[in-house]
Amino acid sequence: MSEYNPAEIAARFINYTSRHIFLTGKAGTGKTTFLRNLIELTHKKAVIAAPTGIAAINAAGVTIHSLFQLPFGTYLPKQPTAEHPNQQYNTPRSIVRHLQMTSTKRRIFLDLELLIIDEVSMLRADLLDAIDMVLRYIRKNNASFGGVQVLFIGDLHQLPPVVKSNEWQLLGEFYNSVYFFDAHALQQSPPVYIELEKIYRQADSVFINLLNNLRNNEITPGDVALLEQYYKADFVPAKEEKYITLTTHNQRADTLNKKSLDDLDGVSYLFQATIEDEFSESSFPAERILELKLGAQIMFIKNDQSGERRFFNGKIATVINLKPDQIEVETEGERERIILEKYTWKNIKYTNHKVTNEIEEEVIGKFIQYPIKLAWAITVHKSQGLTFDKAIIDIGNAFAPGQIYVALSRLRSLDGLVLTSQISKTGIRQDQNVSHFSKNKQQEEELKIQIKAESEAFLRSYLLQCFDLTPLDNYVYEHVHSYSKDINKSAKQKHVKWAQALLKELSEIKANASKFLAQIQRLSYDQTPEGLSAMLLRTTAAENYFNPLLLDLSKRIFERMELVKQDKQVTAFLTELLEMESLFYEQFKKIRKATALLQSTINGTEFTKSDVGLLLNQSEREAQMKKVFAMPNKLDFTAKKEKPKKAAVAKAPKAPKPPKEDTKEVSLELFRKGRSIAEIATLRNMVVGTIETHLAHYVARQELDAKDILGKKKLSKILEAINELKTVNLNPLRTHLGTSVSFGEIKIGIAAHLAGES
């Protein structure tokens, strides 16, 4: 690191320390690119969140409110001293009272190592404190954010948080400002302040200096005079000049776009977006119905995905050819003709991979549309992240502090600037809280000193955490003490001796691990090459000793699951065992990763996400998991076992018994021949519910696809109900779903859930 590279230093802080980081930079310095690269490479379990739906979609993450199940509105760290009878607010107690997280969401938070919050300029201090409270509560860890590292990305000189005056009456008692950096959660654990400095958008040094002065509240008379040169009150561009107007309000931008489109001759073509599954209207990244005419001025709202770089986010173009299913445009400047392709925006949620236990993205909705919008005008708010060659800035006198910077920084150079209103001092000045916080920016040498000390502390802490079996031992201890029912009333109870033996063996392993922790404490303070090598030898030996023992206990849990599956009504117990096994496997993974991370440190090489994958042979575990979810013949999904009907005619005493026909197989064969459930019931003189139960059996064994029986929509509805209610009991599910879904259909949905389809 001889040449100062803020992006490289930021990546090292993220991957090799536990410090919170604030990564900022002027518009066009590559913050979004940094985020994309980080997600591809980091070895840490990470999720991305953002304050708004559109920001979350653009960052390929989720909204803060949905991720943490937080209500909208004001959050106060405790009750205010004064009465506020007409104002609504939330406190830790009210949020915890309504917190209903699925086991999957809890698992994500327990495993989470890195929380990334994008567009942090819009993040309010009280919302950040609510995040901190939820993480501490779920993880049972009173460290900052429950021990999760947080990366804040954004430019505080851009869009500020929104707070109403009546909200500030409440918040002002607890916070110095509404900005995220004044959250209580950061006062004892402030983030490292790193700024990306190389500007990729602008190359004009005069323009760059002007923008810097605007950011830093250091505007000079010369800067004001420079801006006044571009003031043209009644400027009306020729159509071929391709200017875009930046204004303050949506209504103004919409009116300009509509009038300009109406002024064009010819017919309108409408292009409707395709929306699949879950995609909130407030998060639509483009027009649901895009109206175009020949000659319409548009801009791209995504970069060229082909790799040919024919256009970029904010590039202006003109519509030159339209068909009901085709749009052709010509770009400004290069005059390149492009036949557009639709783009797919994905709405995701985070889940746990059943085999690897890694946090992964699950696509729950798609928005498919041409990545363009009308571009005679756009609000400054929606222009964030875009780049223009020519812009008319119409901001008036009622602009919020610092917003002139946001508007100007969209341009490549001053050559394309036209101001149609005078710039007031209000528009130029920056918020004093932001200016004060900006003084926390660390210099290169200070960062290098910090990263060395923080990396050593992180490695020591990580090794201690990986070989500390106390949390696992505590979990199994609590599990053993959950066997509290009479053996005649609980199928689980007969496995109590097995659980006690498991705890006894784990406790013996933990005692040896505790002795090894003392060795790590002693060895880790010697950070010389010789000291690190000695620690690697001991850690490798410890891995070779402990991991086979952990894998053996994990295997025994899998074996116990196979026995448990022979009984009925044991779904809850099986879920307990699955969760316990995942903790054993996670401990095994941590130990593997700890040794590899230490080896990487000694070698001076990067340790990445792909390296984590190479450490683990997943094929055997995948086979074990498939075996767990393949339900046995004896597992029945009927709510109540029917008593066999008495035979009408007695059998001859010495006649040989014919081979017993499996009635379920008959139903299966008829279904595979294309018969509907109703037809099978009629043919076999049975009720529909019985046939549905037969087919549920084969769904559970993964021999039938539930979608082929219920249809995708109805299956999704049932699976969502199971996940929401966290139960596979028929009665509460039927009450929730209503009479449009039969008991038999619910059984098929439960079978699909247990077979791993949800």
| message | Distance between the C-alpha centers of segment 687-740 and segment 491-522? Whole Å please. | response | 39
| said: On C-alpha positions alone, give me the angle between the axis of helix 663-672 and the longest principal axis of the chain, in degrees, nearest 10. | reply: 40
| field | segment 503-635: C-alpha gyration tensor shape, a/c 1.5 cut-off, then a/b vs b/c | value | prolate
| Greater than 31 Å apart at Cα, pairs in K485/K747; K485/K590; K497/K590; K494/K712; K323/K390 | K485/K590; K494/K712
| task | Give me the distance in nm between label points sitting 7 Å out from Cα along the Cα-to-Cβ direction at N216 and R556, one decimal. | result | 6.6
| said: I want to check the label-to-label distance for H98 and Q519. Put each point 7 Å from Cα in the C-beta direction and report it in nm to one decimal. | reply: 5.2
| query | Residues in segment 466-500 near a label at K140, defined as backbone nitrogen under 12 Å from the 7 Å Cα→Cβ point? | reply | 470-479
| task | Calculate how steeply helix 529-564 sits against the longest principal axis of the alpha-carbon atoms of the chain, using the helix alpha-carbon long axis, and give the answer as 0 to 90 degrees to the nearest 10. | result | 50
| request: Work from the charge dipole of segment 153-248 (Cβ charges, +1 for Lys and Arg, -1 for Asp and Glu, about the Cα centre) and give the residue of A233, T220, W168 farthest towards its positive end. | output: A233
| Efficiency of FRET between A491 and N313 - r from beta-carbon atoms, R0 41 angstrom, step 0.05 | 0.10
| Relative contact order for the chain using alpha-carbon pairs under 8 Å, separation at least 6, rounded to a whole percent? | 12
| said: How high is the relative contact order of segment 110-177? Use alpha-carbon pairs under 8 Å, at least six apart in sequence, and give a whole percent. | reply: 43
| field | Rounded accessible area of D415 (nearest 10 Å², 1.4 Å probe) | value | 130
| message | In Å², and per residue, what accessible area does segment 105-152 have when probed at 1.4 Å with the other protein chains present? | response | 26
| task | May I ask you to list the residues of segment 460-495 whose amide nitrogen lies under 14 Å from a point 7 Å from Cα along the Cα→beta-carbon direction of A572? | result | 482-486, 489-493
| note | Computed over the chain: longest principal axis from alpha-carbon atoms vs helix 571-603 long axis, angle to nearest 10 degrees, is 50
| Fully extended contour minus Cα-Cα distance, from T735 to S619, at 0.36 nm per residue | 37.7 nm
| remark: Here FRET efficiency (C-beta to C-beta, Y477 to N547, R₀ 22 Å, nearest 0.05) is 0.55
| Relative contact order (%) - criterion: Cα under 8 Å, at least six apart; region: segment 515-634 | 30
| note | Once D325 and D415 are pulled to full extension, the length gained, defined as 0.36 nm per residue separation minus their Cα-Cα distance, is 28.7 nm
| note | Calculating Cα extents along the principal axes in Å from this structure picks out, from (i) 112, 74, 59; (ii) 94, 58, 50; (iii) 92, 86, 61, entry (i)
| task | On the protein heavy atoms, probe 1.4 angstrom, tell me the percent of accessible surface of the chain carried by carbon and sulfur. | result | 50
| field | Karplus-derived HN-Hα couplings along segment 698-708 (A = 6.51, B = -1.76, C = 1.60, θ = phi - 60°), whole Hz, x at Gly and Pro | value | 7, 5, 4, 7, 6, 9, 10, 9, 4, 5, 5
| said: Once each part is reduced to its C-alpha centroid, what is the distance from segment 141-178 to segment 360-376 in angstrom? | reply: 29
| field | Computed E for L683/D705 - FRET, C-beta separation, R0 35 angstrom, nearest 0.05 | value | 0.95
| query | If ligands, DNA and RNA are left out, what is the accessible area of Y477 with a 1.4 Å probe, given in Å² to the nearest 10? | reply | 120
| request: Evaluate the charge dipole of the chain about its Cα centre and quote only its size in Debye, nearest 20, assuming +1 on the Cβ of each Lys and Arg and -1 on the Cβ of each Asp and Glu. | output: 3700
| said: With the crude spin-label approximation of a point 7 Å out along Cα→Cβ, what separation in nm comes out for E358 versus N86? | reply: 5.5
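The values are calculated or read from the model by the stated rules, or taken from the named source; none is laboratory data. Remember, predicted model here, so these are calculated numbers, not experimental data. FYI the Cβ positions are ideal-geometry reconstructions off the backbone, even for glycines, and counts take in every protein chain you see. For the accessible areas, the whole protein counts, side chains as well, though only heavy atoms, and no ligand, DNA or RNA atoms are used. Shrake-Rupley method; radii C 1.70, N 1.55, O 1.52, S 1.80 Å.
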